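This report concerns only the one structure given below.
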Protein chains: 2
Amino acid sequence: MSLFYELAVAQPVKMLKNLHGMLDKAVAHADQRRFDAEVLLSCRLAPDQYPFVRQIQIVCDGAKFGAARLTGREAPVHEDNEKSIAELRSRIDKVIDYLKSYKPEDFEGVAQKRIVLPWSQGKALSGQDFLVQASIPNLYFHITTAYAILRHNGVDVGKMDYLGSMPFQD
Amino acid sequence: MSLFYELAVAQPVKMLKNLHGMLDKAVAHADQRRFDAEVLLSCRLAPDQYPFVRQIQIVCDGAKFGAARLTGREAPVHEDNEKSIAELRSRIDKVIDYLKSYKPEDFEGVAQKRIVLPWSQGKALSGQDFLVQASIPNLYFHITTAYAILRHNGVDVGKMDYLGSMPFQD
């Protein structure tokens, strides 16, 4: 079903690319204000919240595991050891490349599939429930939180940086 | 197509209900710290960001217009004049009730439909692109931003308040 592919692959790829644009603005802001852009990696909105670097790592894992769990594939392992914006960009690109290995036909029949999560104690979600109620909202949660951390720290990001371009037709 | 209904109606209804849970925690936090909970309505993460009250209004409008635009129905008008948490709850409930007027069959054939947006200067998105690339990410953006504003102000909200319960099966 092509809608599953759009939701689990094409749109996450677009959002990951949009993250690059937000990182561009983060670096530009740091340059202009003359602080080290890597400082942003440890910023957070509350002391018991994951910092920016971890938000991006979770976005990457969410996108990767979303497609992998739906299709029953093994996802590549990434170590969560990024210490710079350049390393975060590399992590994002690895996930984009991984997602590009999927084809729409890989998602045929996944709506009814049983998806057991590492923390679900053997219980399962249907593929559709996993995608709609867990994977998609979780992905946008961490992208928006990363965006909010930048926004709170003065980076000039706006809604269109988050949404990206729209395929308008005449 | 039932997946369209899940994405445009059932899941937004669930998220709107989850917002009630977050408002419960916001009020409990205000009571415990002895401040007026309505103060939270004007909180924001940056001086040029919409405050909490507006984030919730946009969530409500996003959910309402998402279903209405896909199906070509008129959406009810809501005035954006909420001044209290009780009024925000009422707004949320109106949108839940409105979404409950939809049936899965209302979304048959909407994937290929031309959706012209008020700001798209006559250009159109397909129904699928509108849902996947605009409506869904926009909805989660404003829910997560509302959540982040509460989180930043000390309200004890966590990821499960955002995601809500999952329909796990044995």
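Numbers for the structure displayed
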| quantity | calculated |
| --- | --- |
| Among the residues listed as A:Ser90, A:Ser101, the single one being of a type in the set (Gly, Ala, Ser) and outside any helix (DSSP H, G or I) | A:Ser101 |
| Condition check for A:Val59: over 23 Å from B:Gly158 (Cβ atoms) and of a type in the set (Val, Ile, Thr) | no |
| Considering residues of segment B:123-146 that are more than 8 Å from chain A (Cβ to nearest Cβ) and of a type outside the set (A, V, I, L, M, F, W, C) only, the residue nearest to A:Gln11 (Cα to Cα) | B:Ser135 |
| Search result, residues across segment B:36-64 that are of a type outside the set (Asp, Glu) and open to solvent by 70 Å² or more (accessible area, probe 1.4 Å) | B:Val39, B:Ser42, B:Arg44, B:Pro47, B:Tyr50 |
| Residue within segment A:34-56 that is modelled with pLDDT of 95 or more and closer than 23 Å to A:Tyr102 by Cβ present | yes |
| Residue list for segment A:48-81, filter: at positive phi and β-branched (Val, Ile, Thr) | none |
| Selection within segment A:150-168 - within 7 Å of chain B (Cβ to nearest Cβ) and open to solvent by less than 20 Å² (accessible area, probe 1.4 Å) | A:Tyr162, A:Leu163 |
| Close pairs (6 angstrom Cβ cut-off, 6 or more residues apart or separate chains): modelled with pLDDT under 95 in segment B:151-170, open to solvent by less than 20 Å² (accessible area, probe 1.4 Å) anywhere | B:Gln169/A:Ala124 |
| Residue in segment B:94-109 that is facing another protein chain (nearest Cβ under 10 Å), polar (S, T, N, Q), more than 18 Å from A:Val132 (Cα to Cα) and open to solvent by 30 Å² or more (accessible area, probe 1.4 Å) present | no |
| Test result for A:Asn18, at negative phi and surrounded by 18 or more Cβ atoms within 10 Å (Cβ to Cβ) | yes |
| Residues satisfying the stated conditions in segment B:65-87, i.e. open to solvent by 20 Å² or more (accessible area, probe 1.4 Å) and assigned to a helix (DSSP H, G or I) | B:Phe65, B:Arg69, B:Thr71, B:Ala86, B:Glu87 |
| Residue, nearest to B:Ala68 (Cα to Cα), within segment B:132-155, restricted to residues that are part of a helix (DSSP H, G or I) and polar (S, T, N, Q) | B:Ser135 |
| Pairs where the first residue, in segment A:113-124, is touching a residue at least 40 places away in the same chain (Cβ under 8 Å) and the second is loosely packed, with under 14 Cβ neighbours inside 10 Å, C-beta under 8 Å, 6+ apart | A:Lys113/A:Gly72 |
| In segment A:5-14, the residues that are crowded, with 20+ Cβ neighbours inside 10 Å and at the interface with chain B (Cβ under 8 Å from one of its Cβ atoms) | A:Glu6, A:Leu7, A:Gln11 |
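The values are calculated or read from the model by the stated rules, or taken from the named source; none is laboratory data. If you're wondering where the values come from, they're calculated on a predicted model, not measured in any experiment. Quick reminder, even Gly has a Cβ in these numbers, built from the backbone with ideal geometry, and neighbours come from all protein chains shown. In case anyone asks, the SASA skips ligands and DNA or RNA and just uses the protein heavy atoms, side chains included. Shrake-Rupley method; radii C 1.70, N 1.55, O 1.52, S 1.80 Å.
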